[in-house]
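**Student:** Structure incoming, see below.
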Amino acid sequence: MTIYFGENLKKLRKSKDLTQEALADFLGMSFQAISKWERGETYPDITMLPTIAFFFGVTVDSLLGTNEIENENKANEYNEEYLRLCNERKYDEARELMKKASHEFPGNYEILSKYFAALTNNRDYKDGEYLISIKPEMQRIYDIICNYCTDDSIRIWSKRNMCFYLRDLSLVENSGVDISEAEAILAEMPIMRNTQDYVSMYMYPFDDEKRSLSCANGISEMLRLFGEIMDRRHKNFLDVDDEIADAYINLVEKVMPDGDYGKSWYLIVIHTQRIGVRKYLKGDEKGALECFEKAVRLAEKYDETPEISIHTSPAVKGVVFDKSKAYRFWEGSFAEDIKDGLRNRPQLSEEFKNSEEFKRIVK
C-alpha cells in the first residue's frame with residue numbers, strides 16, 4: 001500500500017513549491033522525518049495520513065498510491081477521447097472534456113497541456129471577445145506548466161501554443177497585447193538545429209541501424225517542414241509560385257515515390273490543388289483538370305492507407321507513419337474534403353464546374 005507514498009509526497013510538495021523544511025513546519029514535524037518519508041525509509045503514523053492528504057487536497061488513497069494504476073488508465077482514456085474528438089473536429093466537446101480532466105487530474109501536465117491547446121482550438125477561436133475572455137485561464141495554465149512541469153516536450157509545446165495565441169490576440173483591438181509578448185516567448189524556444197529530430201541523427205556514430213533510421217526520420221520530417229514553410233509564406237490560397245510548388249512536389253515524389261509520402265502527403269495534395277487553380281486562371285484548363293484529378297486520387301489513396309504504415313522508400317525506409325498523430329484539417333474523408341473544396345472554389349467558373357470532366361473528378 002505504501003509503495004508510492006514517498007514518491008507521491010515529493011511530487012505533491014514540489015507542486016506547491018515547498019521545501020522539506022516548509023512542509024515540516026506546516027505538519028509540525030522535523031524536516032529529517034519528511035526526508036525519510038520521501039526516500040521510503042520510514043512512513044508517517046497512520047493517524048497523520050488524513051491530515052497530509054487534506055493539506056494537499058487529495059484523498060488518502062491517492063496519497064498512498066493505491067489507485068495509481070486506475071488513475072493512469074483513466075487519464076489515458078481522457079487523452080484518447082480527446083484525440084478522437086479533435087480528429088472529428090468536435091473542438092468544443094474536446095475543450096470541455098479536457099477541462100473536466102484537468103480538474104480531476106490537476107497534477108497531470110499532459111492533460112493540462114491538452115486543455116491548454118483545446119482552449120484555442122474551437123469554432124470561437126477567431127472571435128476577438130472569446131480570445132480576450134480566455135486570457136486569464138491561458139495565462140494560469142501556461143504559468144503552471146512553465147513553473148512546475150519538468151517535461152521539456154510539454155513545456156515547449158505549451159510555449160508554441162502560447163506564441164500562436166498571443167500572436168492572434170495582438171491582432172484584436174483593445175486586447176492590451178502586443179506581438180512583442182509572443183516574440184519574447186519565441187526567443188526562449190530551441191532553434192531547428194537543437195530539436196530531437198536533428199540531434200538524433202548525430203547520436204549513433206557506431207550503430208549503423210539506429211543512425212540510418214534517425215536520418216530517415218529526419219528526412220521525412222524535413223520534407224514536411226519544407227512543405228509547411230512554403231504553405232505559411234503565402235498570404236492566401238493562390239499566392240504561390242508554381243515553379244517552387246512543382247519543385248517541392250517533385251522532390252517528395254523522388255525521395256518517397258509510389259505514394260510513400262507519410263507526413264508530406266496532405267501537403268502534396270494541397271500544393272497540387274493550388275497549382276491547378278493557378279493553371280485555370282492562366283487559361284490552361286487541361287492542366288488544371290490534370291492537377292485536380294491527381295489531388296483527388298492522392299487524397300483517396302491517403303484515405304485507403306492503414307492507420308499505421310512503414311515507409312519502404314530507401315531514403316526513409318523503416319520510418320513509421322501514424323495517421324492518427326498526423327496533422328489534419330478535414331473531418332471524415334480527406335478525398336471528400338478536397339472534392340468539396342473544388343466544388344466551392346470561387347475562382348472556378350460555373351461553366352467549368354459543370355463540364356463533364358470536372359464533374360467526373362469530383363463526383
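**Student:** If exposed chymotrypsin sites (Phe, Trp or Tyr not before Pro) are those in a DSSP loop with at most 12 other Cβ within 10 Å, what is the longest stretch of the chain that has none?
**Tutor:** 1-205
**Student:** So how compact is the stretch 108-169: Cα radius of gyration and Dmax in angstrom?
**Tutor:** In Å, with Rg to one decimal and Dmax whole: 11.1, 33.
**Student:** Distance check, please: which entries in K294/K323; K254/K279; K100/K263; K16/K325 exceed 30 angstrom between their Cα atoms? Let's see the in-between values first.
**Tutor:** Values: K294/K323 21 Å; K254/K279 23 Å; K100/K263 32 Å; K16/K325 33 Å.
Over 30 Å apart, Cα to Cα: K100/K263; K16/K325.
**Student:** Further question on the same structure: I need the shape label for the stretch 5-64. Rule: rounded when a/c is under 1.5, else prolate if a/b > b/c, else oblate, with a, b, c from the alpha carbon gyration tensor.
**Tutor:** Values: a/c = 1.28, a/b = 1.13, b/c = 1.14.
Rounded, because the longest to shortest axis ratio a/c is under 1.5.
**Student:** Let me ask something else about it. Between E7 and K359, what is the label-to-label distance in nm when each label sits 7 Å out along the Cα-to-Cβ direction?
**Tutor:** 6.5
**Student:** May I ask which residue of A117, L251, G57 lies farthest towards the positive end of the charge dipole of the chain, with charges of +1 (Lys, Arg) and -1 (Asp, Glu) on Cβ and the Cα centre as origin?
**Tutor:** Selected residue: L251.
**Student:** Reported to two decimal places, what Rg/Rh ratio describes the stretch 273-363 when computed on Cα atoms with Rh from the Kirkwood expression?
**Tutor:** On the way: Rg = 15.5 Å, Rh = 14.6 Å.
With Rh from the inverse mean 1/r over Cα pairs, Rg/Rh is 1.06.
**Student:** Can you give me the distance in nm between label points at N147 and I132, each placed 7 Å from the Cα along the Cα-to-Cβ direction?
**Tutor:** With each label placed 7 Å out from Cα toward Cβ, I get 2.6 nm.
**Student:** Now for a different question. Show me, bin by bin at 10 Å from 0, the whole-percent P(r) of the stretch 73-196 based on Cα pairs.
**Tutor:** 13, 42, 35, 10, 0
**Student:** Also, quick follow-up: Roughly what angle does helix 208-233 make with the longest principal axis of the chain, taking Cα atoms, 0 to 90 degrees, to the nearest 10?
**Tutor:** 70
**Student:** Separate question: What is the ratio of the Cα radius of gyration of the stretch 8-160 to 2.2 N^0.38 Å, where N is its residue count, to two decimals?
**Tutor:** After normalising by residue count via 2.2 N^0.38 Å, the value is 1.22.
**Student:** Taking 0.36 nm per residue of sequence separation and subtracting the Cα-Cα distance, how much length would be gained by fully extending the chain between V58 and T19, in nm to one decimal?
**Tutor:** That works out to 12.1 nm of additional length.
**Student:** What distance in nm separates the simple spin-label points at K36 and F206, each placed 7 Å from Cα in the Cβ direction?
**Tutor:** For K36 paired with F206, the spin-label model returns 4.6 nm.
**Student:** Here's something else I'd like to know. Work out how much length R84 to Y198 would gain on full extension: take 0.36 nm times their residue separation and subtract the Cα-Cα distance, in nm to one decimal.
**Tutor:** 38.1 nm
**Student:** Using a Debye calculation, one point per C-alpha and no hydration shell, please list log10 I(q)/I(0) for the stretch 196-362 at q = 0.16, 0.18 Å⁻¹ in order.
**Tutor:** Debye output, listed in q order: -0.94, -1.13.
**Student:** At 222 nm, what helix-only mean residue ellipticity would the chain give, in deg cm²/dmol to the nearest 500, using -39500 (n - 2.57) for each DSSP H run of four or more? Show your work: numbers first, answer last.
**Tutor:** Values: 20 runs with 235 residues, N = 363.
Taking each H run of at least 4 residues, the total per residue is -20000 deg cm²/dmol.
**Student:** Let me ask something else. How far is the Cα center of the stretch 192-212 from the Cα center of the stretch 1-78, in Å?
**Tutor:** One Cα centre to the other: 39 Å.
**Student:** Please name which of P136, L83, S355 has its Cα lying farthest along the dipole of the chain towards the positive end, using unit charges on Cβ (Lys, Arg +1; Asp, Glu -1) and the Cα centre as origin.
**Tutor:** It is S355.
**Student:** May I ask for the Kirkwood hydrodynamic radius of the chain, worked out over all distinct Cα pairs and given in angstroms to one decimal?
**Tutor:** Computed over the chain, the radius equals 24.3 Å.
Every number here is computed from the coordinates shown, using simple stated rules; none is lab data. This is a predicted model, so every value here is computed, not measured. When we count neighbours, we look across all protein chains shown, and the Cβ atoms used for this are built from the backbone with ideal geometry, even at glycine.
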